[in-house]
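The values are calculated or read from the model by the stated rules, or taken from the named source; none is laboratory data. Just so you know, these numbers come straight off a predicted model, no measurement behind them. Cβ placement follows ideal geometry from the backbone for every residue including glycine, while neighbour counts extend to all protein chains displayed. All accessible areas refer to the heavy atoms of the entire protein, side chains included, with ligands and DNA or RNA removed. Shrake-Rupley method; radii C 1.70, N 1.55, O 1.52, S 1.80 Å.
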Amino acid sequence: IALGLAGLFGYRLEENFNFPYISKSFSEFWRRWHISLSGFLKEYLYIPLGGNRKGELRTYINLMLTMFLGGLWHGAAWSYAVWGSFHGVALATERFLRKYIKLPPWKIIKVVRIILIFGFVTLAWLLFKLPNFSDVLHYLRSFFLNTYRKNDHNLITYIALYSVPVFIYHLIYLSRKTVIYRFCFKNIEFAWYGILLFFIITNSGSSGSFIYFQF
């Protein structure tokens, strides 16, 4: 949205998000997600703390401390601190395991890794939208019981339905170097845009403020 609006006024902004949800690791996720913030945390926190230049243990501590402070950058609340700490522990654990576990370059393993990273990252996002821990637990309970309100057992159905455009968007990106992309997407690109525009106009949903406005 930011890139498109800037383009309407003749400005070309740098890419700040590069398909982070196809990441196969937490470190790759932070190279793709909010790139300007990632660069800031690395240059002004991680490196001044010593980075990976002061031994293995200190590297893990620096990673966790950087992400903890990155969480607090979003707001002085325990939910943001826990979110940052989660990513710090995940990055440190991943770095430790990478030294001892070498995974074969099979496509199925890459797909499983993408699914796992997406799942863990998405669960952590609950702390952004639901700052109260009790609300997070209630959401998870509702999700696993497939219900939101009394006599409503279609929660997962709704989630799956509204996730379809997101999955298609990422599939288009992942297939960009294949014949399928050229015949199914590239040649009818404007048709896809027309379908999306139709849904936006006919079913735009209720209005809501962009979550990053609070930061």
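Output the number of residues of the stretch 25-68 satisfying the condition of being in a helix (DSSP H, G or I), small (Gly, Ala, Ser) and under 28 Å from Val111 (Cβ atoms).
At the first step, the residues of the stretch 25-68 found to be in a helix (DSSP H, G or I) are 26-32, 35-46, 56-68.
Now narrow it down to the ones that are small (Gly, Ala, Ser): 27, 36, 38-39.
Add one more test, that the residue is under 28 Å from Val111 (Cβ atoms), and what stays is 27, 38.
Number of matching residues: 2.
Identify all residues within the stretch 199-214 that are surrounded by fewer than 10 Cβ atoms within 10 Å (Cβ to Cβ) and either in contact (Cβ under 8 Å) with a residue 60 or more places away in the chain or under 24 Å from the mean Cα position of the chain (by Cα) (or both); write none if there are none. Steps first, please.
Step one: list which residues in the stretch 199-214 are surrounded by fewer than 10 Cβ atoms within 10 Å (Cβ to Cβ), which gives 201-210, 213-214.
Those that are surrounded by fewer than 10 Cβ atoms within 10 Å (Cβ to Cβ) and either in contact (Cβ under 8 Å) with a residue 60 or more places away in the chain or under 24 Å from the mean Cα position of the chain (by Cα) (or both): Ser204, Gly205, Ser206, Ser207, Gly208, Ser209, Phe210, Phe213, Gln214.
Which of (1) under 30 Å from Leu130 (Cβ atoms); (2) free of Cβ contacts under 8 Å to residues at least 24 places away in the same chain; (3) not β-branched (Val, Ile, Thr) does Asn52 not meet, given it meets every other one?
That leaves (1) as the condition not met.
Tell me, please, whether a residue that is open to solvent by 90 Å² or more (accessible area, probe 1.4 Å), out of contact with any helix residue (DSSP H, G or I) (no Cβ under 9 Å at 6 or more places or on another chain) and farther than 30 Å from Trp78 by Cβ can be found in the stretch 107-127.
Looking through the stretch 107-127, at least one residue is open to solvent by 90 Å² or more (accessible area, probe 1.4 Å), out of contact with any helix residue (DSSP H, G or I) (no Cβ under 9 Å at 6 or more places or on another chain) and farther than 30 Å from Trp78 by Cβ.
Let me confirm something: among Leu155, Leu137, Leu145, Leu161, which residue is surrounded by 13 or more Cβ atoms within 10 Å (Cβ to Cβ) and either at pLDDT below 90 or on the phi > 0 side of the Ramachandran plot (or both)?
So the residue among Leu155, Leu137, Leu145, Leu161 that is surrounded by 13 or more Cβ atoms within 10 Å (Cβ to Cβ) and either at pLDDT below 90 or on the phi > 0 side of the Ramachandran plot (or both) is Leu155.
Looking at the stretch 74-91 only, could you name the residues that are part of a helix (DSSP H, G or I), free of Cβ contacts under 8 Å to residues at least 60 places away in the same chain and either open to solvent by 10 Å² or more (accessible area, probe 1.4 Å) or touching a strand residue (DSSP E or B) at 6+ places or on another chain (Cβ under 8 Å) (or both)?
Listed by number, the residues that qualify are Trp78, Tyr80, Val82, Ser85, Phe86, Val89.
Just give me the residues in the stretch 33-49 being more than 12 Å from Met67 (Cβ to Cβ) and open to solvent by 40 Å² or more (accessible area, probe 1.4 Å), in sequence order.
Across the stretch 33-49, the qualifying residues are Ile35, Ser36, Phe40, Glu43, Tyr44, Ile47, Pro48.
Among residues belonging to the stretch 168-198 that are open to solvent by less than 80 Å² (accessible area, probe 1.4 Å) and not in a helix (DSSP H, G or I), point out the one that is nearest to Tyr21 (Cα to Cα).
Ser175
Given (1) farther than 27 Å from Leu174 by Cβ; (2) open to solvent by less than 70 Å² (accessible area, probe 1.4 Å), identify the lone condition not met by Lys99.
The one condition Lys99 does not meet is (2).
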